[in-house]
């Protein structure tokens, strides 16, 4: 009887908790959908600050603006965490054209890849060798490649339902392609934009040089012009391609992560971090990538404060600097956490766009994953269909070394790579309801993680 | 032993079938995502045809264009099904303003409600009585309402995660509001646009008069101006509102449903219908509502033909005419099916926008629902999370009387009412991947329904 009684008591408590949790999550979600400021925060970040590549004046302004947002919502403490960041600048002129026999030309829509060296004003003029992948490149070798421009025409696979899978597969050509081409004596590199749609917007993104080979200029070409160029190469009248970039890497500059926190009432030394990255590429407003993740994280603090929810543990919203072309903000956050011996129990990143939330990824011990997964029924009615194993994000990844359970919000992925790193990644292309609903789900999972511990 | 053997055989066949089905569904989905024409069909419907309200020249052009699309993809038979449709026209001038003391005015963004009578050029000028709902209206009664304009300011509830629920709740003010106001002597009616966002686009939509009361002019005001007007009513300097519409209902005209079919090889008399509605409101391109449903239905025929899948049963794609302001196409399709004694086993409608597919609704006997639900594991990897009870659509609803199992594709609902019935419902606001993925899921469920019967 005693056992039975205990069981009944246990289930009763569990039931009450589930009911309480359900009520709190409904309050959180309602408040975010009715009174939430995420969309207005995002407007400010996109329209009043604008593109904010690391080291730029706009990145500095974004630091000030988000610091003020968190002060205004009443965070217990808001501070800047200094870090040195690379300062790459696009420079003024970047252009490209196909040159046909007789002097006729066709303008290509291109943009320099992030961190690449410029060609200088004289540009690069050479024959173009198209390859579908690295195997083709290696097979052609120095004999064919030397003195030419290599054009990687590897499309994102449209049949992968999760578009991040296609991005991962195609991404190596953008990141490693230039040096792999330079290994065989290429003088320039053109990469098909990593985009899931076909139009004339080039998509930039980071590349990295292998110091064993010459650093050659590298550009992304719009998907439409990638298809055009591929056809032009079959035309005997096509001679060469000219392209010109004036980007350069300047000296590193001082910048900051922006951190706001609500102090825990019971276990203030246990830290729960959530964040996005504050820097963006320079071509657009960085609305989905990753203004969304930033404003959602700020919104989590806002709704907790607005509803008077006092977390047991310390909740930190972090605007990480320099995710796009260096990761220095994430590095610094980890290093300081480690140096200070901070106890980071849980970290969540939002860096997959401000779209309808559909799931969470969790990277941690099996039992912790199972515990978090047991909360799924509380979130299902809001469209969270899935809590899966494996998760995290570029900025919080190192915290794993401190034993932190990592997570990421996983929104619908269909539209992300239409706009990612392109001029179309702007505020107008974010849905207010989608952005807010995801923020509400982040706040709800953070609430549960704080309440029950991990 | 025999029983055991039979069981093994049964499970083996089931396993082989599941594997086959999985392979076919992958082929269907891959082909739709790689070679699918739904997005291009939609471009034609939006950009080359444009807004296509019943009775308009564009509606007639849409009939021709979609007929040709189905002929071109090789449908076994394509024909037009004649029906008479109401012919409501907006007329040229529609405008509204708030009049302040001293003659100052504020322009309101408005549009006439579909099927409403016009005010004529002289317009309506009167005091405005704002009500939140019908209870308030009834409480005020004739004493307060008579001679005035009633303004229904009932917002779509942002806390409903499924936005159709909020639309349903608010929709009665648009449809019934004018006559309910006229009952108490109102001279005009203003309805807050049924929109989930706040901006300056008015959203039209159908209304219906109750013949017991005078027919008064009725307009929708943008959500932004609904909020402005509500505030202005607290301002002692505000006097009246003027609005003017020149819409009118002309004589009914001849129009058509457009039907394309692939004849069944084994059970040609068993018909599976899928469709969307070809007419749209006149303010925009009807991209989500419901160009998407039309082109997805055509795409289902295309992919079956392209992959050489020969259905056992007859598959029909139907472009229904006049869903928006009369439903005459749906009526006609049902009447003819009934008169001919056709055996309609399954019907699916797509009329909730061309967004990421997340589920299907099914209305039919419990055992049939369970059978269809058992196919869910085949669709999960494509993002279909749910097959729920209850479903159908305005155009296929009557088929239930013939014993037809009804269904609808249920896409993500967060963005639909941002654009629904407003000038923003255009091709650019449809995502190619989302549209195609939903078409692939429709084709897959149709494939299974055809293969196994219902």
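The mean sequence separation of alpha-carbon pairs under 8 Å and at least six residues apart, normalised by the residue count of chain B, gives a relative contact order of 21 percent. Per residue of peptide B:374-383, the mean number of Cβ atoms on other chains within 10 Å of the residue Cβ is 1.
By the Stokes-Einstein formula, at 0.692 mPa s and 37 °C, segment B:295-454 with its Kirkwood radius over alpha-carbon pairs has D equal to 201 µm²/s.
As a rough guide to protection, the peptides A:240-246, A:69-75 ranked by mean Cβ packing within 10 Å, highest first, stand as A:240-246, A:69-75.
Answer rounded, prolate or oblate for chain B, using the Cα gyration tensor with square roots of eigenvalues a ≥ b ≥ c: rounded when a/c is under 1.5, else prolate when a/b is larger than b/c, else oblate. In terms of gyration-tensor shape, prolate. Compactness ratio for segment A:117-182: Cα radius of gyration over 2.2 N^0.38 Å (N = residue count) comes to 1.27. Between the Cα long axis of helix B:223-232 and the first principal axis of chain B there is an angle of about 20°, rounded to the nearest 10.
Taking every DSSP beta bridge with both residues inside the protein assembly as shown, roughly what % is antiparallel (nearest 5)?
55
From the square roots a ≥ b ≥ c of the eigenvalues of the alpha-carbon gyration tensor of segment B:21-67, which class results: rounded (a/c under 1.5), prolate (a/b over b/c), or oblate? Prolate shape, in that a/c is at least 1.5 and a/b is the bigger ratio.
Between helix A:292-306 and chain A, what is the angle of the helix's C-alpha long axis to the longest principal axis, kept within 0 to 90° and rounded to the nearest 10? Taking Cα atoms only, the helix is inclined about 20 degrees.
All Cα-Cα separations within segment B:275-375 were binned at 5 Å from zero, giving a P(r) of 2, 11, 16, 20, 23, 18, 8, 2, 0, each value a whole percent of the pairs.
Listed peptides B:328-338, A:110-120, B:157-167 appear in the order A:110-120, B:328-338, B:157-167 once ranked by packing, highest mean of other Cβ atoms within 10 Å at the front.
Shape class of the protein assembly as shown from the alpha-carbon gyration tensor: rounded, with the ratio a/c of largest to smallest axis under 1.5. Once you reduce segment A:111-132 and segment B:329-381 to the center of their Cα atoms, the two points are 53 Å from each other. The helix-based estimate of mean residue ellipticity at 222 nm for the protein assembly as shown, built from -39,500 (n - 2.57) per DSSP H run of four or more residues and divided by its residue count, is -11500 deg cm²/dmol to the nearest 500. With an 8 Å Cα cut-off and a minimum separation of 6 or more residues, compute the relative contact order for segment A:93-246 in percent. Once normalised by length, the contact order is 39 percent.
Counting only alpha carbon atoms, the long axis of helix A:432-452 and the longest principal axis of chain A meet at about 50°.
Based on the convex hull around the alpha carbon atoms, segment B:91-246 presents an average projected area of 8.8 nm².
Read the figures in this text as sums done on the coordinates, not as results from a lab. All values derive from a computational prediction rather than experimental measurement. Every residue, glycine among them, receives a Cβ derived from its backbone with ideal geometry; neighbour counts consider all protein chains shown.
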